[in-house]
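Throughout, read-outs are computed from the coordinates displayed, never taken from laboratory work. Since this is a predicted model, take the numbers as computed values, not measurements. Don't worry about glycine lacking a Cβ; one is built from the backbone with ideal geometry, like all the others, and counts go over all protein chains shown.
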Amino acid sequence: MRAVVVAVLSVFGLAFLVVPASASVGCDAGEVCLWSGTSYRGQLVKLTLSDTNPGECVPIGVEARSFANLLRQPVTVYQSQECSTEGEFDTYPGRGVYVPCAPFVVRGVQIWSS
C-alpha cells in the first residue's frame, strides 16, 4: 500500500507517522477520484458504483490531471469526454491505483464490471 510519511516531532525526538495515501488525498475505498490539478490538488470529482453504471461513459465535467482508482473494478480514463478511442485512453486496475500526473488530460471515465 502506498503511504505518505509524515514527520511528527515527539517528546523523545523525531518520529514518523505512516498515513495511508487515501487519507492524505481525500479519496476513500470504493471511489474513483479525479482532480483538476496534478498531485491530487484542485477541484475533486468522485465516482462510485452507487452513482455510476458499469460500462457507461461518464463525462466528468473537469479536465483532470491526477486520479486514484480505489474501486475493486478496473477503470478506463479517456482524453475525450465521450470516451472515444480516437483520442488517448488507458485502463487502470482497481484496488488502489494512484496517478499523481496523468499521461493526458482526462475528460471521461468508464468503470468496468470486472
| Candidate set: segment 74-104, residues that are surrounded by 15 or more Cβ atoms within 10 Å (Cβ to Cβ) and small (Gly, Ala, Ser); chosen: the one nearest to Gly26 (Cα to Cα) | Gly96
| Residues (in contact with a strand residue (DSSP E or B) (Cβ under 7 Å, 6 or more places away or on another chain) and among the β-branched types (Val, Ile, Thr)) located in segment 27-48 | Val32, Thr38, Val45
| Of all residues in segment 25-46, how many are without any contact (Cβ under 8 Å) to a residue 24 or more places away in the chain and assigned to a strand (DSSP E or B)? | 3
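For segment 53-73, how many residues are part of a loop (DSSP other than H, G, I, E, B) and crowded, with 18+ Cβ neighbours inside 10 Å? Can you show your working first?
Going residue by residue through segment 53-73, those that are part of a loop (DSSP other than H, G, I, E, B) are 53-56, 65, 70-73.
Checking which are crowded, with 18+ Cβ neighbours inside 10 Å leaves us with 65, 70-71.
Of the residues in that region, 3 qualify.
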| said: Condition (residue is of a type in the set (Gly, Ala, Ser) and under 14 Å from the mean Cα position of the chain (by Cα)) applied to segment 57-65: is it met by at least one residue? | reply: yes
| said: Just to be sure I understand the filter: pairs with C-beta atoms under 9 Å, separated by 6 or more residues or on different chains, first member in segment 83-96 and touching a residue at least 40 places away in the same chain (Cβ under 8 Å) and more than 16 Å from Pro59 (Cα to Cα), second member assigned to a loop (DSSP other than H, G, I, E, B) and among the hydrophobic types (A, V, I, L, M, F, W, C). Which pairs pass? | reply: Gly96/Met1; Gly96/Ala29; Gly96/Leu70
